[in-house]
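The values are calculated or read from the model by the stated rules, or taken from the named source; none is laboratory data. These figures come from a predicted structure and were not determined experimentally. Every residue, glycine among them, receives a Cβ derived from its backbone with ideal geometry; neighbour counts consider all protein chains shown.
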Ligand code: ATR
């Protein structure tokens, strides 16, 4: 019998995950399907009952359920417990096991492009759920230090505590206090939602150079103002879609136990823009 998969969240109608996974099924001739399923905030329990009834084989979890979903898991992979949020679930005979592929997805482009993280100085903008997975990733790859800059200083401080706990040197500042210090960092990551609505870059990128790695996790639009400013300075750019692709590839491998067709998935993703 064919297998079925889904992505749950709200809003969900613009999700690119169905395109990416369906392309993989086609490429490998798998008898599987993948749908977007809208579950509004507050209706997660009922939505999950429905997924169990139709014997869904696995699903991705996105905003606003990534943290609440933890409560409904029967088994928790380490990737998930470290980050405290779940974005991928497998269902084996009614047993839900949760994973978080955001960290691996975030790191994927560095591996793909052979970019070094060890001992670098990182500036991370944002302190939400995505930023937490990113801190775990930088800790794993032994970055030298991370400065967490956020609109709300309290949130930056609490993420900085988490960072130290996972072994990564860290400090917290307010995002407006970055001023003209961007040039002092090797890697600059935007993990805020600024850019989604075409807003100007949350910080000035003056003085960065061709060795600076600039990574935006906002993937729509592809060329945010933040990315454009990085390109103006000839910096090394990593697009948000690359992380999206990386986490989808990891999810695929968890569910199907085989190597994901990276190029077919990338083509489908880029076709969605
Ligand atoms: P995600 O799961 O995508 O990380 P989130 O947890 O809601 O989403 O986090 C959103 C991040 O974007 C936060 O760091 C938030 O800053 P606050 O902690 O101050 O809320 C940041 N953010 C959202 N809108 C912003 C804005 N207009 N200016 C600056 N930062 C913003």
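I'd like to check something: does segment 68-81 contain any residue that is under 23 Å from residue 188 (Cβ atoms), within 16 Å of the ligand (Cβ to nearest atom) and at pLDDT 95 or above? Break it down into steps so the answer makes sense when it comes.
Step one: list which residues in segment 68-81 are under 23 Å from residue 188 (Cβ atoms), which gives none.
Checked against the condition, which is being under 23 Å from residue 188 (Cβ atoms), within 16 Å of the ligand (Cβ to nearest atom) and at pLDDT 95 or above, segment 68-81 yields no hits at all.
Could you run through segment 138-163 and say how many residues are in a helix (DSSP H, G or I), away from the ligand (no atom under 14 Å from the Cβ) and surrounded by fewer than 23 Cβ atoms within 10 Å (Cβ to Cβ)?
3
Among 181, 201, which is the only one that is within 18 Å of residue 131 (Cβ to Cβ) and out of contact with any strand residue (DSSP E or B) (no Cβ under 6 Å at 6 or more places or on another chain)? Steps first, please.
Numbers: 181 fails: within 18 Å of residue 131 (Cβ to Cβ).
So the residue among 181, 201 that is within 18 Å of residue 131 (Cβ to Cβ) and out of contact with any strand residue (DSSP E or B) (no Cβ under 6 Å at 6 or more places or on another chain) is 201.
Does residue 39 fit the bill of being surrounded by 14 or more Cβ atoms within 10 Å (Cβ to Cβ) and outside the structural domain of residue 136 (by TED's automatic domain parsing)? Break it down into steps so the answer makes sense when it comes.
Details: surrounded by 14 or more Cβ atoms within 10 Å (Cβ to Cβ): yes; outside the structural domain of residue 136 (by TED's automatic domain parsing): yes.
Against the criterion (surrounded by 14 or more Cβ atoms within 10 Å (Cβ to Cβ) and outside the structural domain of residue 136 (by TED's automatic domain parsing)), residue 39 qualifies.
Could you check residue 253 against (1) within 22 Å of residue 21 (Cβ to Cβ); (2) not assigned by TED's automatic domain parsing to the domain that holds residue 87 and say which number it fails?
Single failed check for residue 253: (2).
Those residues that are outside any loop (DSSP other than H, G, I, E, B) and buried (at least 19 other Cβ atoms within 10 Å of the Cβ), I need them from segment 1-17; list them, please.
Selection gives 5, 6, 7, 8, 9, 17.
Give the residues of segment 181-192 that are in contact with a helix residue (DSSP H, G or I) (Cβ under 7 Å, 6 or more places away or on another chain) and not in a strand (DSSP E or B), sorted by residue number.
Quick first cut of segment 181-192, residues in contact with a helix residue (DSSP H, G or I) (Cβ under 7 Å, 6 or more places away or on another chain) only: 188-191.
The answer is 191, and nothing else.
Working only within segment 61-102, note down all residues that are assigned to a loop (DSSP other than H, G, I, E, B), free of Cβ contacts under 8 Å to residues at least 40 places away in the same chain and crowded, with 21+ Cβ neighbours inside 10 Å. Break it down stepwise before answering.
Initial filter on segment 61-102 (assigned to a loop (DSSP other than H, G, I, E, B)): 62-67, 73-74, 77, 84-87, 93-94, 100-101.
Now restrict to residues that are free of Cβ contacts under 8 Å to residues at least 40 places away in the same chain: 73-74, 77, 86, 93, 100.
Hits for segment 61-102 are 86, 100.
Conditions: (1) within 14 Å of the ligand (Cβ to nearest atom); (2) assigned to a strand (DSSP E or B); (3) not assigned by TED's automatic domain parsing to the domain that holds residue 219. Residue 123 meets all but one. Number of the miss?
Here residue 123 clears every test but (3).
Considering only residues that are touching a helix residue (DSSP H, G or I) at 6+ places or on another chain (Cβ under 6 Å) and within 14 Å of residue 264 (Cα to Cα), which ones fall in segment 17-41?
Correct list: 19, 20, 23, 24, 27.
For (1) buried (at least 20 other Cβ atoms within 10 Å of the Cβ); (2) within 13 Å of the ligand (Cβ to nearest atom); (3) part of a helix (DSSP H, G or I), each residue gets a yes or a no:
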{"position": "194", "(1), (2), (3)": "yes, yes, no"}
{"position": "204", "(1), (2), (3)": "no, no, no"}
{"position": "215", "(1), (2), (3)": "yes, no, no"}
{"position": "226", "(1), (2), (3)": "yes, yes, yes"}
{"position": "234", "(1), (2), (3)": "no, no, no"}
{"position": "241", "(1), (2), (3)": "yes, no, yes"}
{"position": "253", "(1), (2), (3)": "no, no, yes"}
{"position": "259", "(1), (2), (3)": "no, no, no"}
{"position": "266", "(1), (2), (3)": "no, no, yes"}
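Just for segment 164-176: of the residues that are surrounded by fewer than 14 Cβ atoms within 10 Å (Cβ to Cβ) and within 13 Å of the ligand (Cβ to nearest atom), which one is farthest from residue 127 (Cα to Cα)?
176
Which number in (1) within 14 Å of the ligand (Cβ to nearest atom); (2) part of a helix (DSSP H, G or I) marks the one condition that residue 108 misses?
Every listed condition holds for residue 108 apart from (1).
Which residues, taken from segment 108-127, are surrounded by fewer than 16 Cβ atoms within 10 Å (Cβ to Cβ) and more than 22 Å from residue 208 (Cβ to Cβ)?
111
When you go through (1) more than 13 Å from the ligand (Cβ to nearest atom); (2) surrounded by fewer than 15 Cβ atoms within 10 Å (Cβ to Cβ); (3) under 19 Å from the mean Cα position of the chain (by Cα) one by one for residue 180, which number turns out not to apply?
(3)
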